Amino acid sequence: MQDKFRALKLILVLVIVGIFVWFLVLSPMITFQRNEKIMEDAARRYFELNSDELPTGERVKTLSLSVLFKKSYIKQDFYAPISNKACSVENSWVKVKQENGKYRYYVYLDCGTFTSNVDHKGPVIKLNGKEEMSVNIGEEFTDPGVDSVVDEHDGVMDASNVTVKGEVDTSKVGTYEINYSASDNFNNKSTVTRVVKVVKVLSSVISKELNGETNFKGNPTNNYIRLSNMYFRVLGLDENNNIIMVAEEDAANVSYDKLEKWLDEVYIPHFTKKAQKLLVKTKYCNMAVPENEIDSVSQCTEYTDQRYAYVPSVLDINSTQLDNNNFLKPVTISWTANNKDDKEAYVIRNVFFGNEYGKNYITVNSTYNYGVRPKLVMKGDALVTDGDGTHDNPFVFGETKPAKGGTLLNKRFTGEYITINGFEWRIIETLPDGTTKVISDDTLGTDNERPTTYSNPEKSTIVYDPEDKESYAYFIKNKSSKFIDTKLLIKHEVEIPVYKNEIRYKEETKIKTYKLKVSPPNMFDMFSAQSNTREGKKSHSYWLSNTSNSKDRIAGVISDIGVVLNEPIQKYGMYGIRAVGYVKSDTVITSGKGTNLSPYKLK
């Protein structure tokens with residue numbers, strides 16, 4: 001009885017194995033071979049009706065499964081056995097070749113895990129050089145060509161039979177393709193593509209523009225850069241062929257002794273991550289210079305530690321002077337990298353007045369706030385994606401791209417420009433709550449009506465208080481909507497710093513918080529310094545939000561010539577309104593490129 005049970009068990013196992021073999025091996029193979037036969041029969045019918053297409057001599061004719069479907073020689077779809085995945089109609093084919101006076105048909109059916117056992121691979125093409133190459137614009141490109149062609153059935157083939165298609169225009173930046181094709185004796189074709197990028201390497205472009213000079217001089221029109229939505233002027237190349245550049249305008253007003261701290265904590269973090277990767281840490285010249293030697297400095301004797309940004313040295317400024325022109329001399333008053341001693345440092349301006357008229361530099365108290373015009377070094381191998389280096393078409397590098405219509409404003413970047421009902425603003429940053437902090441590019445109003453206000457002249461202390469009707473803050477809060485459309489702005493918690501005496505970065509004694517739609521800029525915010533002087537426009541004075549407990553009427557003010565006042569404010573001093581606002585989180589961009597020439601329009 002036990003033997004019968006064992007025999008029955010064995011039979012059952014064999015039956016189960018047989019079923020698995022049938023369904024997993026035999027049946028799929030039979031189905032696959034049947035489809036191969038259908039393809040061959042279809043190809044024969046095709047050539048019976050189109051005999052003039054039959055190949056002669058050693059030639060091979062190929063019919064793809066796609067053609068047989070389209071011409072209705074095959075009507076049912078082919079699927080890979082044991083799956084619902086369709087067989088490839090483009091990779092599957094029937095080849096016909098004349099052999100010994102008769103036509104022989106070869107079928108290749110590609111169904112993924114199931115493929116026909118027939119020569120279907122083209123020869124392997126090996127190129128000389130790399131499959132991806134770069135050539136600088138204007139340089140000659142010579143195609144390195146083909147190294148070898150080897151087929152697994154035909155062996156080594158003559159590389160001269162490779163067909164080459166594609167051209168490279170080195171006069172235009174772009175990506176070009178060169179295709180190399182070869183076929184074996186069974187007409188299996190292979191193609192290899194070489195990608196050639198015609199690029200503008202920034203250091204090569206600048207070197208050409210310098211034309212043998214060590215740095216730009218005077219007021220050149222071909223050295224403008226736009227990086228992270230901020231504008232720079234190229235000074236020259238360093239010893240590593242990297243690009244030395246200086247911001248086109250002051251970013252803020254900070255005291256000399258706080259420069260490094262502000263640049264590290266505020267300025268550099270506002271660059272996009274891609275732009276930060278293009279910056280190079282370096283040492284910057286910052287030695288002390290005696291006042292009687294300031295105009296003749298020609299070499300540097302002391303440097304900062306390695307860092308990303310500083311300000312131009314007197315050596316930089318002296319080397320860029322040409323006749324009466326110097327693009328490093330701003331309209332505003334800006335710091336140089338050099339000091340006179342522990343208490344005084346040098347500032348630069350295109351022209352000084354009064355007792356300082358005719359001077360290139362003057363000394364000021366190093367605790368005063370003046371313009372920060374950052375100097376940076378950028379990788380020389382950065383690729384220029386557009387621009388010709390002019391002011392209206394600066395060199396750009398593709399690290400930010402214009403937003404498409406429908407993009408949320410809070411997805412955009414520091415420095416981009418927007419317009420609200422024709423009034424231009426600039427993005428400072430996007431906040432965690434999704435609102436976008438923006439600053440008006442000029443004071444509110446028009447040249448026909450530009451509002452100004454003063455603070456209570458009877459008080460010895462100027463306090464920023466938007467609830468006090470005699471405070472300039474009250475006027476800004478309640479009258480701004482008369483001059484700008486605030487529909488896209490939202491009331492937001494605004495921190496107002498108050499100082500014990502002098503206004504100095506990170507030395508406020510307390511922070512007052514108000515919920516406001518519009519407030520004046522904080523002196524230490526990005527883009528809080530006078531901006532419209534870069535285009536030669538008339539600048540306008542405006543209040544800042546920084547105030548002091550000092551009885552000397554100390555408050556933050558930018559004058560009519562774009563210079564911060566480091567002195568008591570006159571009792572009836574009238575200053576304009578430059579606004580900071582917070583754009584709603586659901587605000588959408590409709591058009592524009594985010595530049596000052598083509599700001600984003602919003603809805």
Candidates Val246, Val254, Val234 - the one that is more than 20 Å from the chain's Cα centre (by Cα), of a type outside the set (Phe, Trp, Tyr), within 26 Å of Asp305 (Cβ to Cβ) and in a strand (DSSP E or B): Val254
Residues within the stretch 211-231 that are under 22 Å from the mean Cα position of the chain (by Cα) and at positive phi, tallied: 2
Filtered residues of the stretch 224-256 (kept if hydrophobic (A, V, I, L, M, F, W, C) and touching a strand residue (DSSP E or B) at 6+ places or on another chain (Cβ under 6 Å)): Ile225, Phe232, Val234, Leu235, Ile243, Ile244, Met245, Val246, Ala247, Ala251, Ala252, Val254
Single match in Arg553, Arg504 (criterion: within 17 Å of Ser471 (Cβ to Cβ), surrounded by 14 or more Cβ atoms within 10 Å (Cβ to Cβ), charged (D, E, K, R) and not assigned by TED's automatic domain parsing to the domain that holds Tyr231): Arg553
Flag for Thr336 being β-branched (Val, Ile, Thr) and modelled with pLDDT under 95: no
Test: residue in the stretch 127-149 that is at pLDDT below 95, closer than 30 Å to Phe78 by Cβ and surrounded by 14 or more Cβ atoms within 10 Å (Cβ to Cβ): no
Positions within the stretch 55-65 being among the aliphatic types (A, V, I, L, M) and either under 51 Å from the mean Cα position of the chain (by Cα) or more than 24 Å from Asp110 (Cα to Cα) (or both), in sequence order: Leu63, Leu65
Val384 of a type in the set (Val, Ile, Thr), in contact with a strand residue (DSSP E or B) (Cβ under 7 Å, 6 or more places away or on another chain), within 30 Å of Leu202 (Cβ to Cβ) and surrounded by 14 or more Cβ atoms within 10 Å (Cβ to Cβ): yes
Of all residues making up the stretch 371-393, the number that are touching a Ser or Thr at 6+ places or on another chain (Cβ under 6 Å) and either under 30 Å from Leu565 (Cα atoms) or among the small types (Gly, Ala, Ser) (or both): 3
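So that you can scan it fast, the table gives a plain yes or no per residue for (1) in contact (Cβ under 8 Å) with a residue 60 or more places away in the chain; (2) on the phi < 0 side of the Ramachandran plot; (3) not in a strand (DSSP E or B); (4) not aromatic (Phe, Trp, Tyr):
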{"position": "Tyr370", "(1), (2), (3), (4)": "yes, yes, no, no"}
{"position": "Leu376", "(1), (2), (3), (4)": "yes, yes, no, yes"}
{"position": "Asp381", "(1), (2), (3), (4)": "yes, yes, yes, yes"}
{"position": "Thr390", "(1), (2), (3), (4)": "yes, yes, yes, yes"}
{"position": "Gly398", "(1), (2), (3), (4)": "no, no, yes, yes"}
{"position": "Asn410", "(1), (2), (3), (4)": "yes, yes, yes, yes"}
{"position": "Thr414", "(1), (2), (3), (4)": "yes, yes, yes, yes"}
{"position": "Ile418", "(1), (2), (3), (4)": "yes, yes, no, yes"}
Leading residue by the ranking (surrounded by the most Cβ atoms within 10 Å (Cβ to Cβ)) among those in the stretch 580-597 that are out of contact with any Phe, Trp or Tyr (no Cβ under 8 Å at 6 or more places or on another chain) and under 25 Å from Pro330 (Cβ atoms): Val580
The stretch 208-251, residues that are in contact with a Pro (Cβ under 6 Å, 6 or more places away or on another chain) and of a type in the set (Val, Ile, Thr): Ile225, Val246
Test result for Asp151, acidic (Asp, Glu) and within 18 Å of Arg59 (Cβ to Cβ): yes
Yes/no for Lys459 being at pLDDT below 90, under 31 Å from the mean Cα position of the chain (by Cα) and among the charged types (D, E, K, R): no
Unmet requirement for Leu259, which otherwise passes all of (1) more than 16 Å from Ala247 (Cα to Cα); (2) touching a strand residue (DSSP E or B) at 6+ places or on another chain (Cβ under 9 Å): (1)
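Residue-by-condition table, conditions (1) among the charged types (D, E, K, R); (2) free of Cβ contacts under 8 Å to residues at least 60 places away in the same chain:
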position	(1), (2)
Ser319	no, no
Ala337	no, yes
Glu344	yes, yes
Phe352	no, yes
Asn355	no, yes
Verdict on Leu409 being modelled with pLDDT of 90 or more, closer than 18 Å to Ile589 by Cα and surrounded by 16 or more Cβ atoms within 10 Å (Cβ to Cβ): yes
Whichever residue in the stretch 131-149 is assigned to a loop (DSSP other than H, G, I, E, B) and touching a residue at least 60 places away in the same chain (Cβ under 8 Å) and, among such residues, is farthest from Glu36 (Cα to Cα): Ile137
Condition broken by Asn242, with the remaining ones in (1) in contact with an Asp or Glu (Cβ under 7 Å, 6 or more places away or on another chain); (2) under 25 Å from Thr221 (Cβ atoms) satisfied: (1)
Subset of the stretch 150-198 that is among the small types (Gly, Ala, Ser) and in a strand (DSSP E or B) - its residue that is surrounded by the most Cβ atoms within 10 Å (Cβ to Cβ): Ala182
Complete set of residues in the stretch 266-280 that are of a type outside the set (A, V, I, L, M) and either assigned to a loop (DSSP other than H, G, I, E, B) or touching a residue at least 60 places away in the same chain (Cβ under 8 Å) (or both): Tyr267, His270, Phe271, Thr272, Lys274, Lys277
Filter result for Val60 (among the aliphatic types (A, V, I, L, M) and touching a strand residue (DSSP E or B) at 6+ places or on another chain (Cβ under 6 Å)): yes
Members of the stretch 567-603 that are polar (S, T, N, Q) and outside any loop (DSSP other than H, G, I, E, B): Thr590, Ser591
Test set (1) of a type outside the set (Asp, Glu); (2) assigned to a strand (DSSP E or B); (3) more than 21 Å from Asn292 (Cα to Cα) - Gly406 fails condition number: (2)
Inter-residue pairs, beta-carbon under 6 Å, first among the hydrophobic types (A, V, I, L, M, F, W, C) and in the stretch 219-238, second surrounded by fewer than 19 Cβ atoms within 10 Å (Cβ to Cβ), 6+ apart: Leu235/Asn215
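The values are calculated or read from the model by the stated rules, or taken from the named source; none is laboratory data. Bear in mind that the values here come from a model prediction, so they are computed numbers and not experimental data. We place every Cβ from the backbone using ideal geometry, glycine too, and count neighbours over all the protein chains shown.
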